[in-house]
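Heads up: the structure comes next, in structure tokens.
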There are 2 protein chains.
Amino acid sequence: MSSKPSIPKGTRDFSTGEMLKREYIFESIKNIFRLYGYQPIETPAIENLTTLLGKYGEEGDKLLFRILNSGDFLSAVDDKDLTNRELGKLSSMICEKGLRYDLTVPFARYVVQHRDEIVFPFKRYQIQPVWRADRPQKGRYREFFQCDVDVIGSDSLLNEYELLRIIDDVFRKFRISTVIKINNRKVLAGIASYIGGSDRIIDITVALDKFDKIGAENVNSELRSKGLSDNSISGLQPFLQLTGNFSEKLNVLSELLSGSAVGLKGIEELKTLFELIQGSLFNSRIELDLTLARGLNYYTGAIIEVKSSDVGIGSICGGGRYDNLTGVFGMEGVSGVGISFGADRIYDVLNQLNLFDESKASSTQVMIVNFGDNETLYALKILDLLHGLNIRSELYPDSAKLKKQISYADSKKIPYVIIAGEDEITNDNLTIKIMSTGEQKKLKLKELPSFVENEIGRKNE
Amino acid sequence: MSSKPSIPKGTRDFSTGEMLKREYIFESIKNIFRLYGYQPIETPAIENLTTLLGKYGEEGDKLLFRILNSGDFLSAVDDKDLTNRELGKLSSMICEKGLRYDLTVPFARYVVQHRDEIVFPFKRYQIQPVWRADRPQKGRYREFFQCDVDVIGSDSLLNEYELLRIIDDVFRKFRISTVIKINNRKVLAGIASYIGGSDRIIDITVALDKFDKIGAENVNSELRSKGLSDNSISGLQPFLQLTGNFSEKLNVLSELLSGSAVGLKGIEELKTLFELIQGSLFNSRIELDLTLARGLNYYTGAIIEVKSSDVGIGSICGGGRYDNLTGVFGMEGVSGVGISFGADRIYDVLNQLNLFDESKASSTQVMIVNFGDNETLYALKILDLLHGLNIRSELYPDSAKLKKQISYADSKKIPYVIIAGEDEITNDNLTIKIMSTGEQKKLKLKELPSFVENEIGRKNE
């Protein structure tokens, strides 16, 4: 036999056990998105490279999977272009299309392309795979799913609030304890201007973002190495040392940033959001975290990040407000806010905390043993009856040894096996084997529906 | 504003209306697959080209989308290779991976790669997109979904029978009248040998396959032009003119092919299948069609094809028995049988026959009008209550003019709108507008749950 075939690095096959768990995650998230009035769209895996290039920074461009043009892909390339080996230029000449890198840019493209059909505010969700030519490593894949939910065409803070409710509902459904961290891009701008480094906001927030990992002292020396003055750095300390609950922090911030218009606007937004949060019951702990700085060149208002309280695996959901998502495609002034759930990490958390309901991991509920041609029509009659009752069931297709058939049921985690051989049929006396206990029950064919309803149907809920 | 962005030829965006209809199709098919004990797997969109190349014929190889290697894709290519412009050779040097072309080859690869974990018979389904660099045309896309269901590792004809039951269940669920055409590859081999053209089986079946479109006379002249003798062609006529029902046709066939061992084996298989079919109730008309010849170099037993009785759109489902799917990856002797549903064509048939249930096309069931900050907390209370009752509902995020909000509800096909302004709140007298009739009902907040249960919940079933 030749060597086993394989799949590309960083991609995965999902076998049935994993699939059922993944579907549970996607279905749960989807149902909650829908409960809040969001509707699905899907965009193609393949986009024009003109849509994708330049949207993810220089590094992102390198991580795009490009698709070789069909037919004579060299027709527009002369020998000099070939032998010059300018990879960027050449790849643009031989590839017009690429694989989707995230769901955000295709969504922006979608909104601009379909703007005449869309009714705003537009509440959409999208659950699809994306591809990145990243170096594969533990927990980082080249093909993975994103679950995005966004509302665009409304700048009301009710949208931010609603997304927090969705986060809370999703993780309550999964029974994962979470901390939701909130910040505001305008507050970060206010801090930068307060400590005299408006033009250094990127350096400042990049350093702040590491606070959790490296601590205040290292953040300060990083900033010093970037050329921030001692004055600026000491001005930053009150923000790093901010303590207390959400509203206490807001009060201190209001004083510190009283001179920054943009900072005060950010605080105002956080206050409104906080009031809405207080009017409702949240399962998650909600924290104001000034060191939260993700997606800086992108977000313009709220920034949101969610972590599991019990498993240290990084962010399992995140997002924020962006005021000009569609501007890059020529449609200005459309504000939106959205979050993205990390299905792969949620899967890992559920697995690690043993929170998957294993009883749902089986697909088939009943297997009927195959005794051969003479018993087949009778077995098919039982099967029809079970299918009519919406019980997932199957007849073993071959009249193999009983042991082999039972072992098949066992490995497929099928909870009930019906044994109807010649004797059982003649005497109308079926045997039902309950696989978890090994117990066997006897009943007549006409008693099967009520047995199913009581025993199996109930567990089917 | 710059020109609108666009997507590659042959790809599609799915907007919310289409998505809900598509999900209905996929969910219905999936539920029936599961009812019969099939379990899902998924494979990556990206496969190694060594897995894909040579599996779909020369023409298929050309239709594969190839992915440019990341990093320095020219590192292994010298100038001579470049300027020689041998496209096939060059593309293999600069591309190691390609997009999945169908679900069958990746499934075969999956089975061989995971053979030590799989319990046979392995009943799996797979619903995923595939990509082909075909010339786009009406109804033919470069990215489209396939819905495959297969059982491998069992040669029992009960599997063929089960797939026919699945076909019947799926199209009964969709309320599409269908004809299921059945043939057997071994019978075709028998016919070829009977008319003295065993080595001409490909020419013969390619011509037979056109019988429906071009008629007997043209089939005969095509065969003549391919060099078949007059004797062979006249020998073929009884098969072309075969009439009667399934069992009458089988009887005539048995006589005609009495000298062909392989032909008789095929007839035997058809007879067994027919007996199973007769023991059960089918909604679809089931026909034995000797001119059915799809996928010849691939199928080895039963061949199945399904057409809509009411819409002329070609096959909406098809498949058959293959005895050596995994042989190409070095694992011999694994027999399987499977079918594939054409979701795009089923979508078109449902649309054309107006069989989509439009009442399910709305996602949100209730919208609450936004009257501004003072009423917001009250509106959120109603919203919480509705979400708790599992009613898909949303608060309009901005305090826009009532007319604008109602028009939003209208275009989103939201059936109920709750109006709770200052007066309504003060007097505990909500207004519920029923959008289909324009009728307005008044009720107290505490009456809302029972209203929802009676009016909305019921339609939610």
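Can you work out the accessible area per residue across segment B:362-459, with the rest of the protein chains kept in place, probe 1.4 Å, in square angstrom? Mind dumping the intermediate values first?
Numbers: 4920 Å² over 98 residues.
With the other protein chains kept in place, segment B:362-459 gives 50 Å² per residue.
Given 20 °C and 1.002 mPa s, how large is the Stokes-Einstein diffusion coefficient of segment A:147-278 in µm²/s, with Rh as the Kirkwood radius over Cα pairs? Can you show the working numbers first?
Numbers: Rh = 16.3 Å.
Once the numbers are plugged in, D ends up at 131 µm²/s.
Excluding residues on the same chain fewer than 8 positions from A:LYS97, give the aspartates and glutamates whose Cα lies under 12 Å from its Cα.
A:GLU47
By how many nm would the segment from B:LYS441 to B:SER6 grow when fully extended, if each residue of separation counts as 0.36 nm and the alpha-carbon distance is taken off?
Residue separation times 0.36 nm, minus the Cα-Cα distance, leaves 152.0 nm.
Taking each residue in B:61-71, count the Cβ atoms of any other chain within 10 Å of its Cβ, then average. What number comes out?
6
To the nearest 10 degrees, how steeply does helix A:185-194 sit against the main Cα axis of chain A, on a 0 to 90 scale?
In chain A, helix A:185-194 runs at an angle near 30 degrees to the longest axis.
Hey, what angle do you get for helix B:16-35 against the long axis of chain B, alpha-carbon based, 0 to 90 degrees rounded to 10?
That helix lies at roughly 60 degrees to the long axis.
For the protein assembly as shown, with all protein chains present and a 1.4 Å probe, just round the carbon and sulfur fraction of the accessible area to a whole percent.
47
Which trypsin sites (Lys or Arg not before Pro) does segment B:165-202 hold that lie in a coil by DSSP with at most 11 other beta carbons within 10 Å?
Filter output for segment B:165-202: B:ARG175.
Checking buried surface per residue: for segment B:158-207, which residues lose a minimum of 40 Å² accessible area in the protein assembly relative to the chain alone (1.4 Å probe)?
B:LEU158
Give, as a single signed number, the net charge of other residues whose beta carbon lies under 14 Å from the beta carbon of A:ARG172, with Lys and Arg counted +1 and Asp and Glu -1. Kindly include the intermediate steps, with their values, before the conclusion.
On the way: positive: A:ARG165, A:LYS173, A:ARG175, A:ARG285; negative: A:ASP168, A:ASP169, B:ASP384.
It works out to a net charge of +1.
Taking a probe of 1.4 angstrom, what is the accessible area of A:ARG294 in Å², to the nearest 10?
About 70 Å², ignoring ligands and nucleic acids.
So if I take the centroid of the Cα atoms in segment B:376-431 and the same for segment A:251-294, what is the distance between those two points in Å?
A separation of 27 Å, based on Cα centres.
Around A:GLU143, with a cut-off of 12 angstrom between Cβ atoms, what is the net charge of the other residues, counting Lys and Arg +1 and Asp and Glu -1?
Numbers: positive: A:LYS9, A:ARG12, A:ARG100, A:ARG132, A:ARG140, A:ARG142, B:LYS97, B:ARG100; negative: A:ASP13, A:ASP134, A:ASP344, B:GLU42, B:GLU47.
Charge balance in the 12 Å sphere: +3.
For the pairing of chain B with chain A, what total accessible surface becomes buried, with a 1.4 angstrom probe, in square angstrom to the nearest 100? Each step should come with its number before you reach the end.
Values: alone 24210 and 24190 Å², together 39230 Å².
Roughly 9200 Å² of accessible surface disappears when B and A pair.
What relative contact order, as a whole-number percentage, does chain B give when Cα pairs under 8 Å and 6 or more residues apart are counted?
The value is 14 percent.
Evaluate the Kirkwood expression for the hydrodynamic radius of segment A:304-461, namely the inverse of the mean inverse distance over all pairs of different C-alpha atoms, and round to one decimal in Å.
Kirkwood radius, segment A:304-461: 19.4 Å.
What's the FRET efficiency of A:VAL252 with A:PHE120 using the Cβ-Cβ distance as r and R₀ = 22 Å, to the nearest 0.05?
So the FRET efficiency works out to roughly 0.05.
What is the local net charge at A:GLN352, summed over the other residues whose Cβ is closer than 11 Å to its Cβ (Lys, Arg +1; Asp, Glu -1)?
-1
Give me the Kirkwood hydrodynamic radius of the protein assembly as shown, using the inverse of the mean 1/r over all pairs of distinct Cα atoms, in Å to one decimal. Present the calculation step by step, with values, prior to reporting the outcome.
Details: mean 1/r = 0.0319 Å⁻¹.
Kirkwood radius, the protein assembly as shown: 31.3 Å.
In 10 Å bins starting at zero, report the fraction of Cα pairs in chain B per bin as a rounded %.
Per 10 Å bin, starting at 0, the Cα pair percentages come out as 4, 16, 21, 21, 16, 12, 8, 3, 1, 0.
The values are calculated or read from the model by the stated rules, or taken from the named source; none is laboratory data. Every value quoted in this text rests on a predicted model; they were computed, and no experiment measured them. Note that each Cβ is placed from the backbone with ideal geometry, even for glycine, and that neighbours are counted across all protein chains shown. Note: areas computed on protein heavy atoms with side chains; ligands, DNA, RNA excluded. Shrake-Rupley method; radii C 1.70, N 1.55, O 1.52, S 1.80 Å.
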